[in-house]
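Asker: I have a structure I would like to understand better, so I am pasting it below and will then ask my questions one at a time.
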Amino acid sequence: MTPDQPPICDYEGSDYQTSFWDEGDRAYEDQVEAIALRRLLPKSGNMMLEVGAGAGRNTPRYQAFQRVVLLDYSTTQLQQAQSKLGNDDRYVYVAADAYQLPFVPGVFDGATMIRTLHHMAEPQRALQQVRLALQPGAAFILEYANKQNLKAILRYVFQMQSWSPFTPEAVEFAALNFDFHPKSIRGWLQEVGFSVERQLTVSHFRMGILKRLFPLDLLVKLDSLAQLSGNWWQLSPSVFVLSQAAGDTPIASPGALFRCLVCGNDELEQLPSSLHCPNCDHHWSFENGIYDFRVK
Ligand SMILES: C[S@@+](CC[C@H](N)C(=O)[O-])C[C@H]1O[C@@H](n2cnc3c(N)ncnc32)[C@H](O)[C@@H]1O
């Protein structure tokens, strides 16, 4: 990490996919997220950037895109994604920091960032990086953890929690885990060059007792309906925002993808085990199908 880089929530070696999703009774959360994505994803596209892809839980949902770049700071998460998705030229695996993306500006016509912004101490900075990587008009689907959720409001009203769910600052409820205010998120998106198109509120019934009392299908159907109120109010723990990259920013030349993070050169040579920058002579490792652009 370079001195001015914000801290990273490191998932290296984590069993997140197994413990949280596969064995964590999270079928409801997974299914309602799939519905939100189906509603917001474009019908077709060329190059999709998935920021914080983890073990590739959502990647198969991006079939409409010809290629998907899975970016994550953790190489072990990317290895799990490789095992899940198999050897397929559609997928490019990149270990990099969301605060420092190694792409030529204007390469992607779509991007997602699901369950990842909540690890960002400097969210505007990460959003700015995503915007730079996108072409004008590109779709960006952002999921964030909402501090103004109904449970937090009730806890605040009944004095069971000290922080206010209504104020704009983020709340760090555990180390490097942040809940954000919807208005702050919309403001940051606009500041970095997005126009907000649509909001869906997601996971309204994310409570152990409700999951035990009611059938999964019923909760999913009710959530699917409730999602549609997302443009009017946001009181759910998770919010999906569809934005469009605004402004007259560059579009990358066909075939371009990576740029050197040391000198900015965007003509890197593919060697068997690295991408070589002929300008500054830096080698970015390429091992077992994973490009490694982490700056340590
Ligand atoms: C909670 S997991 C979500 C994974 C996936 N998006 C999903 O919904 O299943 C968060 C992911 O963000 C990644 N991450 C956290 N901070 C990051 C950063 N600064 N740059 C890149 N990835 C990061 C972690 O390695 C982890 O895989």
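Asker: Kindly indicate the residue of region 104-160 that is small (Gly, Ala, Ser) and in a helix (DSSP H, G or I) and also surrounded by the fewest Cβ atoms within 10 Å (Cβ to Cβ) among those meeting that condition.
Answerer: Initial filter on region 104-160 (small (Gly, Ala, Ser)): 106, 110-111, 121, 126, 133, 137-139, 145, 152.
Narrowing the set further to residues that are in a helix (DSSP H, G or I) leaves 126, 133, 152.
Numbers: ALA126: 26, ALA133: 25, ALA152: 22.
Top of the filtered list is ALA152.
Asker: Let me ask another. Scanning region 88-103 for residues that are part of a strand (DSSP E or B) and within 11 Å of the ligand (Cβ to nearest atom), which turns out farthest from GLN135 (Cα to Cα)?
Answerer: To start, the set of residues in region 88-103 that are part of a strand (DSSP E or B) comprises 91-95, 97, 100, 103.
From what is left, the residues that are within 11 Å of the ligand (Cβ to nearest atom) are 94-95, 97, 100.
Numbers: VAL94: 20, ALA95: 22, ASP97: 20, GLN100: 18 Å.
Result: ALA95.
Asker: Then there is this: In region 169-213, what residues are assigned to a loop (DSSP other than H, G, I, E, B) and either of a type in the set (D, E, K, R) or exposed (fewer than 14 other Cβ atoms within 10 Å of the Cβ) (or both)? Full working, then the answer.
Answerer: Taking region 169-213 and keeping what is assigned to a loop (DSSP other than H, G, I, E, B), we get 169-170, 175-176, 181, 192-193, 203-207.
Result: GLU169, ALA175, ARG206.
Asker: Okay, moving on. Would you pick out the residues in region 229-251 that are assigned to a loop (DSSP other than H, G, I, E, B), in contact (Cβ under 8 Å) with a residue 60 or more places away in the chain and either buried (at least 19 other Cβ atoms within 10 Å of the Cβ) or not hydrophobic (A, V, I, L, M, F, W, C) (or both)?
Answerer: The initial filter retains those residues of region 229-251 that are assigned to a loop (DSSP other than H, G, I, E, B), namely 230-237, 246-251.
Adding the requirement that they be in contact (Cβ under 8 Å) with a residue 60 or more places away in the chain leaves 234-237, 246-251.
Selection gives GLN234, LEU235, SER236, PRO237, GLY247, ASP248, THR249, PRO250.
Asker: Among the residues of region 21-33, are any touching a strand residue (DSSP E or B) at 6+ places or on another chain (Cβ under 7 Å) and of a type outside the set (Val, Ile, Thr)? Explain how you work it out, then say what you get.
Answerer: To start, the set of residues in region 21-33 that are touching a strand residue (DSSP E or B) at 6+ places or on another chain (Cβ under 7 Å) comprises 32-33.
Checking which are of a type outside the set (Val, Ile, Thr) leaves us with 33.
Yes, region 21-33 contains at least one residue that is touching a strand residue (DSSP E or B) at 6+ places or on another chain (Cβ under 7 Å) and of a type outside the set (Val, Ile, Thr).
This table checks each residue for (1) in contact (Cβ under 8 Å) with a residue 60 or more places away in the chain; (2) under 29 Å from VAL171 (Cα atoms); (3) touching a Phe, Trp or Tyr at 6+ places or on another chain (Cβ under 8 Å).
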| position | (1), (2), (3) |
| --- | --- |
| ALA27 | yes, yes, no |
| VAL51 | yes, yes, no |
| LEU71 | no, yes, no |
| ALA133 | yes, yes, yes |
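Asker: Taking region 254-266, which residues are out of contact with any Cys (no Cβ under 7 Å at 6 or more places or on another chain) and touching a residue at least 12 places away in the same chain (Cβ under 8 Å)?
Answerer: Of all residues in region 254-266, those out of contact with any Cys (no Cβ under 7 Å at 6 or more places or on another chain) come to 254-259, 261, 264, 266.
Once the filter is applied, which keeps residues that are out of contact with any Cys (no Cβ under 7 Å at 6 or more places or on another chain) and touching a residue at least 12 places away in the same chain (Cβ under 8 Å), region 254-266 yields ALA256, LEU257, PHE258, ARG259, LEU261, ASP266.
Asker: Name the residues in region 48-87 that are out of contact with any Pro (no Cβ under 8 Å at 6 or more places or on another chain), more than 10 Å from the ligand (Cβ to nearest atom) and assigned to a helix (DSSP H, G or I), would you?
Answerer: PRO60, ARG61, TYR62, GLN79, GLN82, SER83, LYS84, listed by residue number.
Asker: What about PHE205, is it closer than 22 Å to ALA36 by Cα and not hydroxyl-bearing (Ser, Thr, Tyr)?
Answerer: In short, yes.
Asker: Tell me, please, whether a residue that is surrounded by fewer than 18 Cβ atoms within 10 Å (Cβ to Cβ), at pLDDT 95 or above, out of contact with any Asp or Glu (no Cβ under 6 Å at 6 or more places or on another chain) and among the polar types (S, T, N, Q) can be found in region 81-91.
Answerer: Yes.
Asker: I would also like to ask the following. Going by the structure shown, is LYS151 basic (Lys, Arg), more than 10 Å from the ligand (Cβ to nearest atom) and touching a helix residue (DSSP H, G or I) at 6+ places or on another chain (Cβ under 9 Å)?
Answerer: Values: basic (Lys, Arg): yes; more than 10 Å from the ligand (Cβ to nearest atom): yes; touching a helix residue (DSSP H, G or I) at 6+ places or on another chain (Cβ under 9 Å): no.
Considered against the rule, which asks whether it is basic (Lys, Arg), more than 10 Å from the ligand (Cβ to nearest atom) and touching a helix residue (DSSP H, G or I) at 6+ places or on another chain (Cβ under 9 Å), LYS151 comes out as no.
Asker: From the list ASP25, ASP4, which one is at positive phi, part of a loop (DSSP other than H, G, I, E, B) and away from the ligand (no atom under 12 Å from the Cβ)? Can you show your working first?
Answerer: Values: ASP4 fails: at positive phi.
Answer to the selection: ASP25.
Asker: I would also like to ask the following. Whether any residue in region 177-192 is within 16 Å of the ligand (Cβ to nearest atom), among the charged types (D, E, K, R), within 21 Å of LEU41 (Cα to Cα) and modelled with pLDDT of 95 or more is what I want to check.
Answerer: no
The values are calculated or read from the model by the stated rules, or taken from the named source; none is laboratory data. Note that the structure is a prediction, hence the values are computed from the model and not measured. Cβ: placed from backbone, ideal geometry, glycine included. Neighbour counts: every protein chain shown.
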